[in-house]
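The values are calculated or read from the model by the stated rules, or taken from the named source; none is laboratory data. Just so you know, these numbers come straight off a predicted model, no measurement behind them. Note that each Cβ is placed from the backbone with ideal geometry, even for glycine, and that neighbours are counted across all protein chains shown. All accessible areas refer to the heavy atoms of the entire protein, side chains included, with ligands and DNA or RNA removed. Shrake-Rupley method; radii C 1.70, N 1.55, O 1.52, S 1.80 Å.
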Amino acid sequence: MTDAKQGVQFGSEAPGRDDLTRLAEASVEMIARLQDPTGAYPASPTFSAYRGYCWFRDGAFIADAMSAAGAKDSAERFFDWCGRILVDREAKVVEIVSRARSGSPVPDAEMLATRFTFAGEEGDDEWWDFQLDGFGTWLWAAAEHARRYGTDLARWARAIELSVDYLTSSWQRPCFDWWEENADEVHVSTLCCIAAGLDAVAEAGILDGTRRQQALAATESIRSTIVERGLVDGHLAKWLGSADVDASALAAVAPLGVFPASGRIGSRTLRAIDGGLNVGGGVHRYLADTFFGGGQWPLLSCFLGLGFAAEGDRERAIERLTWAAATADGGGALPEQVGDHLLDPSMNQEWVDRWGPVASPLLWSHAMFVRLAVEVEVLPA
Ligand code: BGC
């Protein structure tokens, strides 16, 4: 696909390599500056519906990007924040696990939340809270960080154990997807985040024998479940039994590597999303998306770029990075999405009226930009 001119440009020119490096450096600085003293990464400092909260999902990808960019301490402080949240809820997790294993699982409302205040509370605002993916993604990010720096995962040992028990006992449950939707389905990208986390900590040698076996067995069952029920035309589907595609599946290819770009499923997933959801370089979440009219998400373009990079196609990876850079506003803030190509323009105003303009800056967008910039060596690791 060819790139269309998108969003606010750096001056009148399309972003050059130096602009990409500068934006990546500024993104690392911004994330570091906005990280709360508790270690929490705000999803967005200004957006009405996200202000004051840190997500396990966004935060784990942000920590991975900061880790990859050399901000070791920042990533570790986020893992400390995750660790405190889990250990503070030890009794709750133990109860969830024992109820699940005895065949009388707790209701969705009693499962762990997907986002917490910086102080580590659930907060008073309503949210579509039961989402399992972040508890896998933080495990993956912590193990990846430990591999990168030789950090001892023992610092988060109990929180890792609790996460493993939570996921091995509950991964089959339907829950909200990455986008807070379709709570009755089992989402393929959610399953891949769980499998990535369980596999990473099992391989990292931090788990005792039984737990390690349980983690590996769950990973194996997840993989076979996806292969049997989570594929359409040979690529990852939106949920088990769905015929649709969702760009969140890009994460399963890279950076999570559950279905690597070198394999048939990973490669077909990249082709399906590039062909079906990428319009002029900007990637939509899924075709029926109406959130703010269903625009294009720079963070998803960066995930696609990571997939291309994993295939060895650095040029196309840099094209995705360049597209994402062009969505920055004059102050260098990257938004959650841009509205140059909306799937359902009639729905835009409804969201603006409800929550105000699109979230910007969105730290997850900056993080995926940084992660891809490191991958294509536009930003030194
Ligand atoms: C997205 C989530 C994200 C959250 C915070 C929501 O609109 O659907 O994926 O975690 O914003 O960035």
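May I ask you to list the residues in the stretch 162-178 that are within 22 Å of R101 (Cα to Cα) and either open to solvent by less than 10 Å² (accessible area, probe 1.4 Å) or in contact with an Asp or Glu (Cβ under 6 Å, 6 or more places away or on another chain) (or both)? Break it down stepwise before answering.
To start, the set of residues in the stretch 162-178 that are within 22 Å of R101 (Cα to Cα) comprises 162-176.
Selection gives L162, S163, V164, Y166, L167, S170, P174, C175.
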Margin query: Here is a check on your reading of the model: is L287 closer than 22 Å to D58 by Cα and in contact (Cβ under 8 Å) with a residue 40 or more places away in the chain?
Written below: no
Check: Looking at V374, is it away from the ligand (no atom under 16 Å from the Cβ), at pLDDT 95 or above, over 20 Å from G275 (Cβ atoms) and under 19 Å from the mean Cα position of the chain (by Cα)?
Finding: yes
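So is R285 modelled with pLDDT of 95 or more, basic (K, R) and away from the ligand (no atom under 16 Å from the Cβ) or not? Before you say what the answer is, go through the steps one by one.
Working: modelled with pLDDT of 95 or more: yes; basic (K, R): yes; away from the ligand (no atom under 16 Å from the Cβ): no.
When the stated conditions are applied, R285 does not pass them.
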Next item on the list: Just give me the residues in the stretch 99-139 being crowded, with 23+ Cβ neighbours inside 10 Å and more than 16 Å from the ligand (Cβ to nearest atom), in sequence order.
Entry: L139
Next item on the list: Kindly indicate whether any position in the stretch 61-82 is open to solvent by less than 40 Å² (accessible area, probe 1.4 Å), of a type in the set (A, V, I, L, M) and touching an Asp or Glu at 6+ places or on another chain (Cβ under 7 Å).
Entry: no
Checklist line | The lone exception for Y50 - which of (1) open to solvent by 30 Å² or more (accessible area, probe 1.4 Å); (2) within 15 Å of the ligand (Cβ to nearest atom); (3) hydroxyl-bearing (S, T, Y) it fails | finding: (1)
Next item on the list: Determine, yes or no, whether F292 is on the phi > 0 side of the Ramachandran plot, modelled with pLDDT of 95 or more and surrounded by 19 or more Cβ atoms within 10 Å (Cβ to Cβ).
Entry: yes
Item checked: Candidate set from the stretch 347-360 (those that are within 11 Å of the ligand (Cβ to nearest atom) and in contact with a helix residue (DSSP H, G or I) (Cβ under 7 Å, 6 or more places away or on another chain)); member that is nearest to T46 (Cα to Cα) -> V358
Next item on the list: Test each condition in (1) buried (at least 24 other Cβ atoms within 10 Å of the Cβ); (2) among the charged types (D, E, K, R); (3) more than 28 Å from P42 (Cβ to Cβ) for R316 and report the one that comes out false.
Entry: (1)
Check: Within the stretch 355-381, which residues are within 14 Å of A309 (Cβ to Cβ) and either in contact with a His (Cβ under 6 Å, 6 or more places away or on another chain) or part of a loop (DSSP other than H, G, I, E, B) (or both)?
Finding: V376, E377, V378, L379, A381
Next item on the list: Within the stretch 106-127, track down each residue that is assigned to a loop (DSSP other than H, G, I, E, B) and of a type in the set (D, E).
Entry: E121, E122, D124, D125, E126
